[in-house]
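Report on one structure; see the data block that follows.
The values are calculated or read from the model by the stated rules, or taken from the named source; none is laboratory data. All figures in this text were calculated on a predicted structure; none of them were measured in a lab. Using ideal geometry, Cβ is built from the backbone for each residue, glycine included, and neighbour counts are taken over all protein chains shown. Surface areas here come from the heavy atoms of the whole protein model, side chains and all, with no ligands, DNA or RNA. Shrake-Rupley method; radii C 1.70, N 1.55, O 1.52, S 1.80 Å.
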Amino acid sequence: MILYVVATIFAICILAGAAAVIHTLLTPAKHSDYKPAPDPERASAYARKLSAMVRVDTTSYPFGPEHPFEEQQARFAQYHEVLRDLFPLVHRHLERFDADGSLLYHWKGKSDRYPIVLMGHQDVVPVEGEWSKPPFSGQIEDGKVWGRGSVDTKCSCMAFFQAVEELLEEGFVPPQDVWLSTSCTEEWGGPGCPALVSELERRGVKPWLVCDEGGGIYTDPMFGIKGNFAMIGVSEKGRANVRFTARGKGGHASTPQKGTPIARLAGFVTEIDRHSPFKSSMDPETRAMLETLAPAASFPIRTVLGNLWLFKKPIEWFTPAINGQAAAMLETTITFTMASGSNACNVMPREASVGANMRFIHHQDMEESMAIISRIAAKYDLETEVLQGTPCTATLDIEGEAYKFLERTVEKTFPGCISSPYVLTAATDATFYERICDNVIRFAPIVYGQEEKRGIHGVDEALRYDCLPGAVDFFKNMIRDNHGERTDV
């Protein structure tokens with residue numbers, strides 16, 4: 001009987017595998033063939049503008065004695081003067097609102113029923129490490145603009161300012177109101193963007209669509225998938241910084257004790273490191289992403305991703321344990337980043353702690369994930385404290401008009417580029433706009449190769465500037481084509 005059952009299961013597996021292979025063979029392969037079209041004159045002109053923006057040090061910090069508000073404001077005032085010089089028509093024709101350095105521009109259209117917000121941030125993270133070129137040189141070399149902020153995100157800001165500048169030069173009047181939003185506190189989640197949102201709220205403006213950074217045109221987005229793909233961010237994972245504290249009696253290290261604070265913390269960290277306590281599951285948007293990318297994958301990967309009816313559970317069960325990118329897509333993650341104990345090797349601490357960064361998945365959001373990790377911490381007699389945290393954002397309807405509008409704009413601007421929904425593991429200012437907008441999209445029309453991704457918040461940040469004409473055209477197409485004709489209202 002047992003042999004019969006085993007043979008039956010084996011036969012079913014063989015048949016299912018054969019069906020998956022046949023289905024893959026019958027499904028046409030696709031290629032995302034988009035590459036920036038050569039446009040050296042425009043690309044060079046845009047590179048010079050981006051270079052001028054990068055040359056202004058707009059590093060931002062939480063306001064305090066070490067980094068006074070006034071000192072930071074002086075830097076941003078200098079940056080604003082550069083914007084005036086680079087985009088004179090924008091500053092002549094658009095209304096400008098300044099919230100302590102964060103800027104909001106209003107371009108009045110023929111209608112204000114379906115306004116759009118194009119946004120990015122002015123500020124950059126501090127420079128660390130050894131750079132091969134000065135980080136605020138804006139040097140143009142090897143087909144790149146080098147410097148902090150060239151990728152994150154002065155490039156997209158340059159692109160939408162330039163798009164409006166060129167449309168104004170043509171005498172164009174947008175069919176719907178356009179707002180340009182750029183805060184100076186994004187990198188530390190400061191008050192800049194919330195102030196801009198409050199101003200729109202005060203004016204009674206409810207944007208139909210907000211387009212911020214987050215996704216982009218990613219080169220080779222996953223293992224086995226080659227080409228440039230428009231990864232459209234439809235939501236963000238939640239996040240929290242958490243501290244776990246163990247207390248003890250302290251004492252001299254010459255008389256050791258069992259269950260000291262550090263030993264308990266070590267046991268806790270080891271348990272979490274060896275086995276994630278969180279549920280691995282494929283949310284609908286992640287499944288849609290994998291199914292969209294599948295036809296462009298190599299045959300083995302295409303067989304797996306193109307047959308999720310068979311491979312969904314194995315992916316959920318096994319891949320998070322062996323691949324960090326997969327874990328981020330499928331479950332809540334926790335990374336331990338800080339530790340503290342006593343100040344001497346021969347002194348046992350009365351108190352020790354570890355800090356961690358958590359990223360919450362939509363199917364197991366902040367409240368549930370924190371309850372799980374707190375229960376495990378309690379086993380080791382640890383206190384759990386959330387230092388800062390926010391739950392997952394809302395998720396954009398990938399069948400809705402706003403998402404389809406962005407897909408059409410991508411197709412029009414970047415022919416041959418496959419679009420896919422995408423869930424961000426990072427954080428953006430776009431979150432603040434969810435208070436007044438139902439359609440918040442995270443997508444910058446910039447080509448991000450592996451080098452560009454490594455440079456974000458890292459050393460030698462640099463952008464290949466041949467993608468800038470496409471970025472400007474993308475925003476021009478968004479503005480031109482937002483006619484207010486809706487099928488979902």
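Some values worked out for this structure:
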item	result
Identity of the residue in the range 33-62, open to solvent by less than 30 Å² (accessible area, probe 1.4 Å) and in a loop (DSSP other than H, G, I, E, B), that ends up farthest from PHE161 (Cα to Cα)	TYR34
Enumeration of residues in the range 283-318 that are of a type in the set (Phe, Trp, Tyr) and farther than 23 Å from THR333 by Cβ	PHE299, TRP309
Pick from the range 434-460, criterion open to solvent by 30 Å² or more (accessible area, probe 1.4 Å) and β-branched (Val, Ile, Thr), ranking: nearest to MET478 (Cα to Cα)	ILE456
Odd one out for VAL54, checked against (1) within 25 Å of the chain's Cα centre (by Cα); (2) farther than 27 Å from ARG442 by Cα	(2)
Single residue of the range 349-379 satisfying the filter (in a helix (DSSP H, G or I) and among the hydroxyl-bearing types (Ser, Thr, Tyr)) that is nearest to the chain's Cα centre (by Cα)	SER369
Criterion violated by CYS437 - all others in (1) part of a loop (DSSP other than H, G, I, E, B); (2) touching an Asp or Glu at 6+ places or on another chain (Cβ under 9 Å); (3) not aliphatic (A, V, I, L, M) satisfied	(2)
Scan of the range 324-348 for residues that are farther than 15 Å from PHE268 by Cβ and assigned to a loop (DSSP other than H, G, I, E, B), ordered by number	GLU331, THR332, SER342, ASN343, ALA344, CYS345, ASN346
Leading residue by the ranking (most open to solvent (accessible area, probe 1.4 Å)) among those in the range 265-304 that are β-branched (Val, Ile, Thr) and within 19 Å of THR384 (Cβ to Cβ)	THR270
Restricting the range 63-104 to residues that are assigned to a strand (DSSP E or B) and out of contact with any strand residue (DSSP E or B) (no Cβ under 6 Å at 6 or more places or on another chain), the residue that is farthest from VAL472 (Cα to Cα)	GLY64
Selection count, the range 187-212, where residues are modelled with pLDDT of 95 or more and open to solvent by less than 40 Å² (accessible area, probe 1.4 Å)	15
The range 380-415: number of residues that are of a type in the set (A, V, I, L, M) and more than 21 Å from the chain's Cα centre (by Cα)	3
Residue count for the range 279-323, restricted to those that are in contact with a helix residue (DSSP H, G or I) (Cβ under 8 Å, 6 or more places away or on another chain), part of a helix (DSSP H, G or I) and of a type in the set (S, T, N, Q)	3
